[in-house]
Amino acid sequence: MELELIRKKIYEVRGIRVIMDFDLAELYEIPTKALKQAVRRNIKRFPSDFMLDLSPKELKDLRSHSVTSKRGGTRYAPFAFTELGVAMLSSILNNPKAIKVNISIMRTFVVLRQYALNYKELTGKIARLEKKYNRQFRDVYEALDLLLQKKEEEIDWENRERIGFLQNELNNETGV
């Protein structure tokens, strides 16, 4: 299964990555109702860190991301499964398609986690470099400012109003 397809179905709610029940049902190629029934029959397997109950505001925010049913909106609040919840689903949806999809979903979560770690590591390296070279950059900026200031002073000196006779005017008056 294509990881990018799955990645687009992963939302962030309360700083936690989740996949909605209707997206999982679509991936598993089963009706959302069947997925919800299976979860309700095994609800003890889905504590709060496996499956989130969405607040009305979170549901509204998700709807703004095109999360609606064919009837123009979800009739019931969807289940939002965390990575652990998706792993648990593999124990209650035990068919070849569900197993294959779960493997792909787990790989996608791993890729996203690795990306986040790399991003955090890179940000830290940049911060350390900025701290290390900040003084040198400051010195370079000061030198550039001095050079620019000197150039401005030279231009001002060249464009100053002159006092006295110009050589050409003197020559014209004397006839030379």
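Using each residue's phi in the range 13-25, evaluate 6.51 cos²θ - 1.76 cosθ + 1.60 at θ = phi - 60° and report the 3J(HN,Hα) Karplus result to the nearest Hz, with x for Gly and Pro.
Values, residue by residue: 10, 6, x, 10, 7, 9, 10, 7, 4, 5, 5, 5, 4 Hz.
Could you give me the radius of gyration and the Dmax of the range 3-121, taking only the C-alpha atoms into account and expressing both in angstrom?
Over the range 3-121's Cα set, Rg and Dmax evaluate to 14.0, 45 Å.
Using the per-residue mean of other Cβ atoms lying within 10 Å as a proxy for protection, in what order, highest first, do the peptides 109-118, 136-145, 49-58 fall?
49-58, 109-118, 136-145
Under 5 Å between amide H atoms, partner at least 5 residues away or on a different chain: which partners does Met51 have, H built in plane at 1.01 Å?
Result for Met51 returns Thr82.
Can you list the lysines whose alpha carbon sits under 25 Å from that of Lys60, skipping same-chain ones fewer than 8 residues off?
Lys8, Lys9, Lys33, Lys36, Lys70
Using a Förster distance of 41 Å, how high is the FRET efficiency between Gln149 and Tyr115, based on the Cβ-Cβ distance and rounded to 0.05?
The formula returns an efficiency of 0.35 here.
Throughout, read-outs are computed from the coordinates displayed, never taken from laboratory work. Bear in mind that the values here come from a model prediction, so they are computed numbers and not experimental data. Please note: Cβ atoms are built from the backbone with ideal geometry, for glycine as well, and neighbour counts cover all protein chains shown.
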